[in-house]
Amino acid sequence: MKKTQSSKWKWVAGIAGALFLVLCADIYFSTNDINEGGHTNWQLSRIDFRQPMDTASADKAINAVRSVEGVQQAVFNYESKTLVYATINCKQSSQQIFETVVRSGDFKAERYVLTEEQASGGCPVMSGSEMKRRVFLYFGRLAAKF
């Protein structure tokens, strides 16, 4: 009976160890590009459309954004009629990209600009009191050592 009990614990410990190794590998590869520039130099921007947008219009706006050098991602939200895109900092300004989109389809839109209060608060996910930030920084530093 004791042999069976210790055998079960070995299996449980082996599986838990394997899952822990997979978790560590995932965190390492997710944070490894921090030191190489990764996504840390990306900037998110948003354009709010003030007209009804169908699929063809949204595709036209997305293609206009993606055609600009430095744009990495672009996603259109049909419910809120917003286009969110990620750019590499210093390649293009949000204003230039906005003007490109508006000219491409004669859209009625406005650029979303943060208020002073929002800008001074920083990223809500990366605020100093968040546990996510602490875990992210810990594993980022750990990955930098390897």
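The values are calculated or read from the model by the stated rules, or taken from the named source; none is laboratory data. Everything numeric here is computed off the predicted structure, so don't read it as measured data. Note that we place each Cβ from the backbone using ideal geometry, even for glycine, and neighbour counts take in every protein chain shown.
Summed over segment 80-97, residues that are out of contact with any Phe, Trp or Tyr (no Cβ under 6 Å at 6 or more places or on another chain), crowded, with 16+ Cβ neighbours inside 10 Å and modelled with pLDDT of 80 or more total 6.
For segment 8-57, taking the residues that are surrounded by 10 or more Cβ atoms within 10 Å (Cβ to Cβ) and acidic (Asp, Glu), the one that is modelled with the highest pLDDT is identified as 48. Taking (1) in contact with a helix residue (DSSP H, G or I) (Cβ under 8 Å, 6 or more places away or on another chain); (2) among the aromatic types (Phe, Trp, Tyr); (3) touching a residue at least 40 places away in the same chain (Cβ under 8 Å) in turn, residue 42 satisfies each apart from (1).
The residue of segment 101-134 that is surrounded by the most Cβ atoms within 10 Å (Cβ to Cβ), among those that are aliphatic (A, V, I, L, M) and at pLDDT 75 or above, is 101. Among the residues of segment 58-67 satisfying the criterion of being in contact with a strand residue (DSSP E or B) (Cβ under 8 Å, 6 or more places away or on another chain) and surrounded by 16 or more Cβ atoms within 10 Å (Cβ to Cβ), which is nearest to residue 87 (Cα to Cα)? Only one residue tops the list, namely 65. Does residue 86 fit the bill of being of a type in the set (Gly, Ala, Ser), out of contact with any helix residue (DSSP H, G or I) (no Cβ under 8 Å at 6 or more places or on another chain) and part of a strand (DSSP E or B)? Taking the combined requirement at face value, the residue satisfies it.
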